[in-house]
Amino acid sequence: MRILLTGAEGFTGQVFAKRAVAAGHAVIALQSDLTHRESLHQEVLALAPDAVVHLAAISFVGHANEAAFYAVNVVGTTHLLDAVVQLPAKPARILLASSANVYGNTAQSPIAENQPPAPINHYGMSKLAMEFMARTYNERLNLVVARPFNYTGPGQDAHFLIPKLAAHFAARAPSIELGNLDVEREFNDVQMVCDAYLLLLAHGEPGETYNICSGRPYGLRRIIETFARMTSHDLRIEINPAFVRANEVHRLCGDPQKLHALLSRQGAILNEPAIEETLERMLLAKD
């Protein structure tokens, strides 16, 4: 299958491309800027892919330019779908990567796909807007939406929490500045997320939304303790008020039952590496 991939140079895109090629697919990286409508349309029409995986996005919640979230995540996705819908032969499936941030802060845990979304930051709001916009194409395109919960792995930008911790522990730094320590997240492996995307390309049902999650949240303090144990290094934690977000999502834990049920019906299995395995790979990448 010839897969058109947006965001191919990003953290997730690079891992997805390797795993897709290993699975026997051909991956074509989109070169056009999503905000450049005409060049994007020309490129998509020329490539005529069998499937599309849309990963390109402004994904760092603390990104300084709030307007960019909407220009890229919503308008850019609209440009992409407008181009795809004009293809003489429509792709077999289009996977849109949304985010668990659309759920916001909720007392419900674990969170299933039928939980009413209530985003509390521009990233989550832009992803939810993208989802609603994409629904207008459901009768014309075979669309599947994925909502990944937090994930990490070697190669993730140091702006993100776990890579920042890995770098400091690997370097045996004396201290690190962090924000709120009292948060719980799933810290899944990027390889698991990319494998889930491939399985949804093969088996996802049109118009459906799937959580990509393990249902196993970890407190940040436990992650720090695990790094300390692995490296035999004690890192002094300093709280920087500038890193404490006013609209922090305190706990994000997903319900994977819908995805697991889909895969079970298809006889497919999703490998979920243990958190220690992921953190170990990140430490080794820093050596």
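Here are the numbers:
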read-out	value
Helices (runs of 4 or more DSSP H) fully within region 157-271 counting 2 or more residues that are small (G, A, S)	161-170, 190-203, 257-266
Residue ID - surrounded by the fewest Cβ atoms within 10 Å (Cβ to Cβ), chosen from residues in region 265-287 that are small (G, A, S) and farther than 16 Å from M192 by Cα	G267
Answer residue from region 230-256, given it is at pLDDT below 85 and exposed (fewer than 12 other Cβ atoms within 10 Å of the Cβ) and is farthest from the chain's Cα centre (by Cα) among those	A242
Among the candidates Y218, Y197, residue that is buried (at least 21 other Cβ atoms within 10 Å of the Cβ) and either touching a residue at least 40 places away in the same chain (Cβ under 8 Å) or closer than 18 Å to S98 by Cα (or both)	Y197
Unmet criterion (only one of (1) under 14 Å from T209 (Cα atoms); (2) modelled with pLDDT of 95 or more; (3) crowded, with 21+ Cβ neighbours inside 10 Å) for G153	(1)
Subset of region 1-16 that is of a type in the set (A, V, I, L, M) and part of a loop (DSSP other than H, G, I, E, B) - its residue that is farthest from the chain's Cα centre (by Cα)	M1
L259 being surrounded by 11 or more Cβ atoms within 10 Å (Cβ to Cβ) and more than 26 Å from S99 (Cβ to Cβ)	no
Any hit, region 132-145, residues being hydrophobic (A, V, I, L, M, F, W, C), closer than 20 Å to E9 by Cβ and in contact with a Ser or Thr (Cβ under 8 Å, 6 or more places away or on another chain)	no
Cross-chain or 6+ apart pairs with Cβ under 9 Å, region 156-170 first and within 16 Å of Y218 (Cα to Cα), then among the acidic types (D, E) and surrounded by fewer than 21 Cβ atoms within 10 Å (Cβ to Cβ)	P163/D157
Residue under evaluation Y197, criteria (1) more than 23 Å from A22 (Cα to Cα); (2) at pLDDT 95 or above; (3) hydroxyl-bearing (S, T, Y), criterion not met	(1)
Check on I224, out of contact with any Pro (no Cβ under 8 Å at 6 or more places or on another chain), surrounded by 14 or more Cβ atoms within 10 Å (Cβ to Cβ) and either at pLDDT below 95 or of a type in the set (V, I, T) (or both)	yes
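The values are calculated or read from the model by the stated rules, or taken from the named source; none is laboratory data. Just so we're clear, the structure is a prediction, and the values are computed from it rather than from any experiment. As a convention, Cβ positions derive from the backbone with ideal geometry for all residues, glycine included, and neighbour counts pool all protein chains shown.
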